[in-house]
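Here is the structure we will look at, set down as structure tokens.
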């Protein structure tokens, strides 16, 4: 799932705070402990009370998220969704953990074509805010792998099955560095060594992929972006005084969940039947946004906006034209301002944010086909 920028940068804080007001607020926060109540998770329809009890536990830390994922893995694969129902047979999968340079266990997964199918290249995935690579992306990865690609994914620190406080991004730079670090390891695997390698980002993952690409432009042969979060529109960006309040509060209590969250499934999924499957993504982060996380994401989009002309790699951008989570005009901005000579922008009429998960079946298959065709046309040149 992606991040709703409107809710993220419209915190439940009065914007008219002055400097003196903030000083008073700081004194109150220091003198009185802050009690933050976690949101009560809604019951998941269609599963047993026992599974609902498992899903309702506190997911702040990775061991709990791993237990919940294990309990729901088979249930998720049985959902009536085209990504699961039409998943190709024979795909070879592997799961493991790597210890990153910060000492965190990072969950890694790969999907390879069935034996005998030549691998054309590697596609390395960056998931969106709150999400994981172990739910809908399982089906996406299998479809792409069946077309001859090694697909690789990680859960970012603090998300999915990786270590870190759930939903907490203390440093966006560190997330991008972790992406390059983990994929540097994977790119040396024998099945893809020396083959073209592409980075693939969705929503917030698009911003992560762009930042990773800007940090190591020679390490990637191209980038695929789905509904990327790469610039905050003027309509959504908070006023400068409010940004200062957010930054101030994030230094005092960076992990605090104070930024209200909206029901993203309502905005992200066009088909109601598919929207009803969103709660089955049981280890996603759906609570209020943590203060430091909100500030880091805002700063990341500012950085990408100011450096977009440095994006010179082959680039495919795909976006739903009716997306209300990340503005398709931002993808147009990226397309027009990137210096890449090989760039493609595809806008899908009436498409919502989750064009690979929440659209009608034929649209999902079209988007998958567009990604595979773009990859094919660039791997055949190698």
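Numbers at a glance
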item	result
Flag for residue 300 being within 19 Å of residue 227 (Cβ to Cβ) and free of Cβ contacts under 8 Å to residues at least 40 places away in the same chain	no
Scan of the stretch 101-142 for residues that are touching a residue at least 40 places away in the same chain (Cβ under 8 Å), assigned to a loop (DSSP other than H, G, I, E, B) and crowded, with 20+ Cβ neighbours inside 10 Å, ordered by number	120, 127, 128, 129, 130, 131, 132, 134, 135
Qualifying residue in the stretch 266-285 (condition: more than 22 Å from residue 198 (Cβ to Cβ), in contact (Cβ under 8 Å) with a residue 12 or more places away in the chain and in contact with a strand residue (DSSP E or B) (Cβ under 7 Å, 6 or more places away or on another chain))	no
From the options 145, 153, residue that is assigned to a helix (DSSP H, G or I) and buried (at least 24 other Cβ atoms within 10 Å of the Cβ)	145
Candidate set: the stretch 52-70, residues that are outside any loop (DSSP other than H, G, I, E, B) and under 21 Å from residue 276 (Cβ atoms); chosen: the one farthest from the chain's Cα centre (by Cα)	53
In the stretch 183-208, the residues that are more than 18 Å from the chain's Cα centre (by Cα) and assigned to a strand (DSSP E or B)	197
Residue 356 being under 20 Å from the mean Cα position of the chain (by Cα) and assigned to a strand (DSSP E or B)	no
Considering residues of the stretch 166-182 that are touching a helix residue (DSSP H, G or I) at 6+ places or on another chain (Cβ under 8 Å) and outside any loop (DSSP other than H, G, I, E, B) only, the residue surrounded by the fewest Cβ atoms within 10 Å (Cβ to Cβ)	173
Residues being surrounded by fewer than 12 Cβ atoms within 10 Å (Cβ to Cβ) and not in a loop (DSSP other than H, G, I, E, B) - total across the stretch 71-93	1
Strands (runs of 3 or more DSSP E) enclosed by the stretch 217-335 - at least 1 residues per element that are touching a helix residue (DSSP H, G or I) at 6+ places or on another chain (Cβ under 7 Å), at pLDDT 95 or above and under 19 Å from residue 203 (Cα atoms)	222-226, 315-320
Single unsatisfied condition, residue 137 versus (1) more than 15 Å from the chain's Cα centre (by Cα); (2) more than 21 Å from residue 290 (Cβ to Cβ)	(1)
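The values are calculated or read from the model by the stated rules, or taken from the named source; none is laboratory data. As the structure is a prediction and not an experimental result, all values here were calculated from the model. Every residue, glycine among them, receives a Cβ derived from its backbone with ideal geometry; neighbour counts consider all protein chains shown.
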